[in-house]
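S.K.: Got a structure here, written out as structure tokens. Questions coming.
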Amino acid sequence: MATLIHTLSDHSDDVNYCAFSSSCLATCSLDKTIRVYSLNNFAELPYSPLKGHTYAVHCCCFSPSGHLLASCSTDGTTMVWDTRDGRMLAVLEQPSGSPVRVCRFSPESTYLVSGAADGSVVLWNVQSLKLYRSGNVKDGSLVACAFSPNGNFFVTGSSCGDLTIWDDKMRCLYNEKAHDLGVTCCDISSQPVSDGEHGFRYFQMASCGQDNQIKLWLILFADFLGVELKYKYTLSGHSAPVLACAFSYDGQMLVSGSVDKCVIIHETSTGNTLHTLSRHTRYVTTCAFAPHSPLLATGSMDKTVNIWQFDLKQPSAGNTVENESKVAVEDWSEDDVSAWLCAQDFADFVGLFKMNNIDGKELLNLTKESLTNELKIESLGLRSKVLQKIEELKMKMISASVTIPDEFLCPITRELMKDPVIAADGYSYEKEAIENWISNKRRSSPMTNLPLHSLMLTPNRTLKMAISRWLESQQK
């Protein structure tokens, strides 16, 4: 079941796009702004809204790590922002000066692509924030784009109805007339599927258009075969042009939004409709699943963004921390490990871990030596962070299998505390949780709701030692 849990109404004009990172939601609008919200409580971040574009903002997207946010506008620019403090890092001007309709980061954050109304498409080098290569579609405005999960190629969609596949050298590899009245959006699932016939690993792609249709495709990209695009089937349900489509992280669901004001969630394996959501009062322009939590955002010309939550018993938008207990970590597949890496802000390591066939069992056995010698992670800091997250994962496994003494649980998160501190109300909390509580301008106790006479936090070393001893006893 999908439940509406929050509505954001901060934009003063049509919402054009919304995008998730692992911790934030970004939205952009005809009102020239980008707004950024925390997924913890949907509070707007202190530096939001981001202002800099002089005309409507059409699209926004996060880098895989979530540290960068890109936005593009009718003003002919793509802007890159630092999501930690809202600083504008670069203004990338489309060479032609044409209005920029779409922007996307590649999965490894190597490139940022921008597509414009005159059909120009530009690959920017993310590290240098300089133009790398550029090209043009045959006809029409470029309005849609999606990268393959390995980042070796990307697909663009145009207002004349074509889907074009490019490699990372900006060579046009394939062109297909997909929607008679124009493509409006496209997305590629991050999870591969087998064709069941030759054992090749394909990726699912969805495209939607002004013809009221959503089409599912299979894309094969291999050096020895070139590019192959196979039509799979057409999804029905909308009675008007479909403006947006997006896959859930696991590829099991596809969401679409339409001029008919409806949002439809489809099951990709069968094409069946799982949910029809009809709370927007004008055209639905954008929809996005969160990468590692059961959340969906939908935006509309009614100036609002609706946040929906799914029942975790149903297919959801990926492998979440809440779902970890359903599949033992030892039984995780390589894809489950990839999902976990992304959730910990280690998206850059996904390719490396897959190359070394790291599944759940291998993940739990990783050591400082194996990270250094086998995976060749040179940075001591990154090795330490990975090992720390693995230790936290092991703690969660213990937590799931035994009853934790209540005094070891943070009253805010109800999770085992790692760094307990005492607040002015006399209660102990996980340091990060109480700091977040206070930073959101709350000045009352989470336990008593009475005002905190001081914001000082004192480390509770006695409790930390007790938790450490208890953990050691559970691991014997």
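The values are calculated or read from the model by the stated rules, or taken from the named source; none is laboratory data. These numbers were taken from a predicted model, which means no experiment stands behind them. Positions of Cβ are generated from backbone atoms using ideal geometry, with glycine treated the same way; all protein chains shown enter the neighbour counts. Just the protein is used for accessible areas: all its heavy atoms, side chains included, with ligands, DNA and RNA removed. Shrake-Rupley method; radii C 1.70, N 1.55, O 1.52, S 1.80 Å.
S.K.: Would you please classify the overall shape of the chain from the alpha carbon gyration tensor, given that a ≥ b ≥ c denote the square roots of the eigenvalues, rounded means a/c under 1.5, and beyond that prolate means a/b larger than b/c while oblate covers the rest? If you can, show how the numbers build up before the last one.
M.R.: On the way: a/c = 1.75, a/b = 1.45, b/c = 1.20.
Verdict is prolate for the chain.
S.K.: Ignoring the sites themselves, what is the longest stretch of the chain with no GluC sites (Glu not before Pro) in a DSSP loop and at most 15 other beta-carbon atoms within 10 Å?
M.R.: Within the chain, the longest run free of exposed GluC sites (Glu not before Pro) spans 1-196.
S.K.: Still on this structure: Using modelled backbone amide H atoms (1.01 Å from N, in-plane), which distant-in-sequence or interchain residues come within less than 5 Å of Ser444's amide H?
M.R.: Leu452
S.K.: Between the DSSP loop rule and a limit of at most 11 other Cβ atoms within 10 Å, which trypsin sites (Lys or Arg not before Pro) in the stretch 329-414 are left? Don't skip to the answer; put the middle values down first.
M.R.: Numbers: sites: Lys354, Lys361, Lys368, Lys376, Arg383, Lys385, Lys389, Lys394, Lys396, Arg414; in loops: Lys376, Arg414.
Here the trypsin sites (Lys or Arg not before Pro) that fit, given the DSSP loop and packing criteria, are Lys376, Arg414.
S.K.: Taking a ≥ b ≥ c as the square roots of the Cα gyration tensor eigenvalues, with a/c under 1.5 meaning rounded and otherwise prolate when a/b beats b/c, else oblate, which class fits the stretch 406-475? Intermediate results must be reported in sequence, preceding the final value.
M.R.: Numbers: a/c = 2.47, a/b = 2.14, b/c = 1.15.
Judged from the Cα gyration tensor, the stretch 406-475 comes out prolate (a/c at least 1.5, a/b above b/c).
S.K.: On to the next question. Let me have the relative contact order for the chain, percent, based on Cα pairs under 8 Å that are six or more residues apart.
M.R.: Details: 1158 pairs, mean separation 45.1, N = 476.
Computed value for the chain: 9 percent relative contact order.
S.K.: How much of the accessible area of the stretch 406-475, in percent, comes from carbon and sulfur atoms when a 1.4 Å probe is used?
M.R.: After summing per-atom areas, the C and S share lands at 50 percent.
S.K.: Something else now. What lysines could a cross-link reach from Lys130, if we take a straight Cα to Cα line under 20 Å and drop same-chain neighbours fewer than 8 places away?
M.R.: Lys169
S.K.: Mean separation of Cα pairs under 8 Å and 6+ residues apart, divided by the residue count of the stretch 406-475: what relative contact order is that in percent?
M.R.: 33
S.K.: Roll a 1.4 Å probe over the protein heavy atoms and report the accessible area of Arg104 in Å², nearest 10.
M.R.: The accessible area comes out at roughly 40 Å².
S.K.: Then there's this: Taking the alpha-carbon distance from Lys32 and a cut-off under 21 Å, which lysines remain once sequence neighbours fewer than 8 residues away in the same chain are dropped?
M.R.: Lys51, Lys303
S.K.: Given a 1.4 Å probe, how much area per residue of the chain is accessible, in Å²? Before the final figure, lay out each step's value.
M.R.: Values: 21310 Å² over 476 residues.
Ligands and nucleic acids excluded, the result is 45 Å² per residue.
S.K.: For the stretch 329-399, please report how many Lys pairs fall under 20 Å Cα to Cα, leaving out neighbours fewer than 8 apart on the same chain.
M.R.: 17
S.K.: In debye to the nearest 20, how big a dipole does the chain give about its Cα centre with +1 on each Lys and Arg Cβ and -1 on each Asp and Glu Cβ?
M.R.: Working: 42 positive and 53 negative charges, 167 e Å.
Dipole about the Cα centre, nearest 20: 800 debye.
S.K.: A follow-up question, please. Order these peptides, 80-86, 3-9, by their mean beta-carbon neighbour count within 10 angstrom, highest first.
M.R.: 80-86, 3-9
S.K.: Carbon and sulfur atoms: what percent of the 1.4 Å accessible area of the stretch 329-399 do they account for?
M.R.: Answer for the stretch 329-399 is 48 percent, counting heavy atoms of protein chains only.
S.K.: If you don't mind, another one. Cβ neighbours within 10 Å, averaged per peptide: list 54-64, 448-458 in order, most packed at the top.
M.R.: 54-64, 448-458
S.K.: So who's got an amide H within less than 5 Å of the one on Gln191, skipping anything under 5 residues away but keeping other chains? H placed 1.01 Å off N, in plane.
M.R.: Amide H to amide H, under 5 Å and 5 or more residues apart or across chains, Gln191 pairs with nothing.
S.K.: Only four residue types carry charge here, +1 at the Cβ of Lys and Arg and -1 at the Cβ of Asp and Glu. Report the dipole size of the stretch 329-399 about the Cα centre in Debye, rounded to the nearest 20.
M.R.: 260
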